[in-house]
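Heads up, the thing below is written out as structure tokens.
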Amino acid sequence: MTVLPDEVKTALTKLRENGYEAFIIGGCVRDSLLGAEPKDYDITTSALPEETERVFCAYRVIETGIKHGTVTVLIGDMPLEITTYRIDSEYSDNRRPDSVTFTKSLYEDTARRDFTMNAVAIDENGSIADFHGGRNDIENKLIRCVGDPDKRFGEDALRILRAVRFSSVLGFDIEENTKAAVFRNKDLLKNISSERIASELVKLICGKDARRVICEYIDVIGAVIPELLPMKGFDQHNYHHVYDVLVHTAVAVDNAPPEPVLRLAALFHDVGKPLTFSIKDGIGHFYGHAAKSAEIANEVLSRLKFDNYTRETAVKLIKLHDGQIEESEKAVKRFLNRHSPEIFFMLLQLKRADNLAQAPEYHSRTEHLDRLRVIAKDILSREECFSIKQLEINGRDLLQLGFEPSPSLGAALDDILEKVMNGELENERGALLAYAESKLSSL
Ligand code: ATP
Ligand code: MG
């Protein structure tokens, strides 16, 4: 158990001195019992929101979710979410309660929480209230619903995906009864908003056990992204591969850095394979699969309402993942020009993840990626030119020389850049102007 920060102790003590009960609860308790540093602290209290505001009148208080009983109090630099004990009433559509009722009972507040590991309460002296056996489950690395799993998933179907996400992030198993209910109720996820699904999905694929969880719970993930299901068990009939498309994908996800865009790109990079499969002389081919995968990823990420940057970057990486880049300055500069350094380095990471998910004898191909990386780093550190905007002259200079605005101006800049990238021309203003002038007279 990690030590409580002073700010948290202050908040709990102040509430108690004013006659209220107060505990930390949820993720912060779970993480500190696991010996990990919690990323934030949630406090649960018998004080009503307006009473909490009164207790902290000398502090900055933000009414974050006053309807649900939550206010945020800033103690020092630390924002603390303080929520009144509550019971969630009536779930009419498998998502979020219609209204909340405040209660004076800590037990009732813990009973509305999703999993036993998230329902342990601790006060500032380290006293623990554990009504549902959460501590034991944390020790045994088990995710178990508080109460009857079917009922709890029926109330709020997002809990199904939360269970799977926690399994990936924490490396816990889902307890048998809860697990059976996860599968039994998976179709209720269709009632959950795209934004909530997307946020759980990203955490799931960035988790340390992403590989296991993707394989084990593909049918649950498939309830919201059916496009992934054809990968399951799809034999590639190809000597590059030791896994079916799904396991290959899961291993690739695992090998990609745990950043949303890269892991999403890995998740979808081969999703178009089953649709582009052909077989010749017993060997499987997937012509055009990168473009097909990119198309499917674009559809899914739009449907799940991912932001444009995430969607567009992931789609671009998927589209490019199977292309070859020659190990030369010229080829790398061309790529940097057409795309960007950011895309280049991300693509190398995706390619590495893909490569490490292939048959072991092909893993040494990552050395090629390392060399490409060195070439690009060199180009960037020497500030070599690979784009028109880095040229020491611009469109205005050419207009002054007498070039027509379009299309000859654009073509001239492209030609100058090409010569500079090839080392035929120095990126120096005088030299570039002289070359442009000679070009103009030959037009
Ligand atoms: P994380 O590390 O992802 O923040 P967390 O457990 O803190 O994990 P939150 O989403 O921040 O998760 O929720 C805080 C607490 O609120 C949970 O620990 C749980 O007790 C409760 N909770 C959150 N979502 C639900 C839900 N859908 N149903 C029931 N209880 C929930
Ligand atoms: Mg949290």
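The values are calculated or read from the model by the stated rules, or taken from the named source; none is laboratory data. Source: prediction; values computed, not measured. Don't worry about glycine lacking a Cβ; one is built from the backbone with ideal geometry, like all the others, and counts go over all protein chains shown. To get the accessible areas, we keep the full protein, side chains included, count just its heavy atoms, and leave off ligands, DNA and RNA. Shrake-Rupley method; radii C 1.70, N 1.55, O 1.52, S 1.80 Å.
Tell me the net charge near residue 422. Cut-off is 15 Å between Cβ atoms, residue 422 excluded, with +1 for each Lys or Arg and -1 for each Asp or Glu.
Values: positive: 330, 333, 334, 419; negative: 326, 329, 384, 414, 415, 418, 424, 426.
Local charge sum for residue 422: -4.
Across the stretch 95-193, how many lysine pairs separated by 8 or more positions, or lying on different chains, have Cα atoms within less than 17 Å?
Numbers: 141/179; 151/179; 151/186; 151/190.
Within the stretch 95-193, the lysine pair count is 4.
Note the full-extension length gain between residue 239 and residue 87 as 0.36 nm times their separation in residues minus their Cα-Cα distance, in nm to one decimal. Numbers along the way, then the final one.
Numbers: separation 152, 0.36 × 152 = 54.72 nm, distance 5.69 nm.
So the chain would gain 49.0 nm between residue 239 and residue 87.
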Note to self: Quick test of the membrane-span-like rule: which DSSP H helices of the chain reach at least 24 Å along their long axis (C-alpha atoms) with mean Kyte hydropathy at least 1.6?
What the structure shows: none
Note to self: Can you give me the C-alpha center-to-center distance between the stretch 12-77 and the stretch 336-389, rounded to a whole angstrom?
What the structure shows: 47
Check: Once phi is turned into θ = phi - 60°, what whole-Hz ³J(HN,Hα) does the Karplus curve with 6.51, -1.76 and 1.60 give for every residue of the stretch 139-156, x standing for Gly and Pro?
Finding: 4, 8, 6, 10, 9, 9, 5, 6, x, 6, x, 4, 5, 5, 6, x, 5, 9
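Rolling a 1.4 angstrom probe over the protein heavy atoms, how many square angstrom per residue are accessible across the stretch 1-128?
Working: 5980 Å² over 128 residues.
Solvent-accessible surface per residue comes out at 47 Å².
Which percent, nearest 5, of DSSP beta bridges in the chain are antiparallel? Write out the running numbers ahead of the final one.
Details: 25 of 31 bridges.
Here the antiparallel bridges make up roughly 80 percent for the chain.
At a threshold of 8 angstrom on Cα-Cα distance, excluding pairs fewer than six apart, so keeping six or more, what relative contact order does the stretch 119-255 reach in percent? Could you put the intermediate results ahead of the total?
Details: 169 pairs, mean separation 26.6, N = 137.
Over the stretch 119-255, the number comes to 19 percent.
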Note to self: As an exercise, identify the GluC sites (Glu not before Pro) in the stretch 340-443 lying in DSSP coil whose Cβ has no more than 15 other Cβ atoms within 10 Å.
What the structure shows: 383, 424, 426, 428
Notebook entry, point to check: Can you put 115, 131 in order of accessible area, largest first, using a 1.4 Å probe?
Noted result: 131, 115
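May I ask you to give the percent of accessible area on the stretch 1-159 that is carbon plus sulfur, with a probe radius of 1.4 Å? Walk me through the intermediate numbers first.
Values: 3400 of 7360 Å².
Taking all protein chains in place, the stretch 1-159 shows 46 percent carbon and sulfur surface.
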Next item on the list: Using a Gaussian network model of the chain whose springs link C-alpha atoms within less than 10 Å, name the residue from 160, 318, 138 with the highest mean-square fluctuation.
Entry: 138
Check: Computed over the Cα atoms of the stretch 240-311, what is the convex hull's projected area averaged over all directions, in nm²?
Finding: 5.2
Check: If 421, 78 are ordered by their accessible area, calculated over protein heavy atoms with a 1.4 Å probe, which sequence runs from highest to lowest?
Finding: 78, 421
Check: Can you list residues whose amide H is under 5 Å from residue 42's amide H, if they're 5+ apart or on another chain and H is modeled 1.01 Å from N?
Finding: 25, 28
Checklist line | Ranking by accessible area, most exposed first, for 57, 28 with a 1.4 Å probe | finding: 57, 28
Notebook entry, point to check: Which residue, 391, 228, 189, has the most motion in a Gaussian network model of the chain that connects Cα atoms within less than 10 Å?
Noted result: 391
Notebook entry, point to check: Straight-line reach from residue 280: which aspartates and glutamates have Cα under 12 Å away, leaving out those fewer than 8 places along the same chain?
Noted result: none
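All other residues with a Cβ under 10 Å from the Cβ of residue 61 taken together, and with Lys, Arg as +1 and Asp, Glu as -1, what is their net charge?
Details: positive: 54, 60; negative: 53, 63.
Around residue 61, the charge tally is 0.
Translational diffusion coefficient, Stokes-Einstein: compute it for the stretch 172-257 using the Kirkwood radius over C-alpha pairs as Rh, at 25 °C and 0.890 mPa s, and state it as an integer in µm² s⁻¹. List each step's numbers first, then the result.
On the way: Rh = 14.0 Å.
Rounded, D is 176 µm²/s.
Give the value in nm², to one decimal: projected area of the alpha carbon convex hull of the stretch 245-380, averaged over all directions. Each step should come with its number before you reach the end.
Numbers: hull surface 34.6 nm².
Average projection, Cα convex hull of the stretch 245-380: 8.7 nm².
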Next item on the list: Send over a whole-number figure in Å² for the accessible area per residue of the stretch 295-409, probe 1.4 Å.
Entry: 54
Checklist line | Hits among aspartates and glutamates - C-alpha to C-alpha of residue 439 under 12 Å, sequence gap 8 or more where chains match | finding: 415
Note to self: Using only the Cα atoms of the chain, what are the Rg and Dmax in Å?
What the structure shows: 28.2, 90
Checklist line | Size of charge dipole - the chain - debye, nearest 20, with Cβ of Lys, Arg +1 and Asp, Glu -1, no other charges | finding: 580
